[in-house]
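Have a look at the structure below, then the notes.
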Amino acid sequence: MPTVTVDLTPDQLAHIRDALSGVLSDLRAEISATDRLELREELREREWALRALHDAAARAGEGASADTR
């Protein structure tokens, strides 16, 4: 799968992680409130993709904080 590299400051990365955390929380609530199975599956796929982004941002943040020490 092709990848994209984005240069961010540690603060920008923290804002992205925080925003993704909020979106994931809202998405989990929406998934649990959804009765339609097809829509629930679509939302779970979106959750999976956003969780992967959040986790990647968290890993990158760990490296960035180590670089600033």
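The values are calculated or read from the model by the stated rules, or taken from the named source; none is laboratory data. All values reported here derive from a predicted model rather than from experimental measurement. Glycine gets a Cβ as well: all are built from the backbone with ideal geometry, and neighbour counts include every protein chain shown. What goes into the accessible areas is simple: the full protein's heavy atoms, side chains included, and nothing from ligands, DNA or RNA. Shrake-Rupley method; radii C 1.70, N 1.55, O 1.52, S 1.80 Å.
Just a few scattered comments:
- Selection over region 5-22 of residues that are touching a Ser or Thr at 6+ places or on another chain (Cβ under 8 Å) and not in a helix (DSSP H, G or I) gives a count of 0.
- L43 vs. criteria open to solvent by 70 Å² or more (accessible area, probe 1.4 Å) and in contact with a helix residue (DSSP H, G or I) (Cβ under 7 Å, 6 or more places away or on another chain): no
- Among the residues making up region 29-40, those that are touching a helix residue (DSSP H, G or I) at 6+ places or on another chain (Cβ under 7 Å) and not β-branched (V, I, T) are E30, R40.
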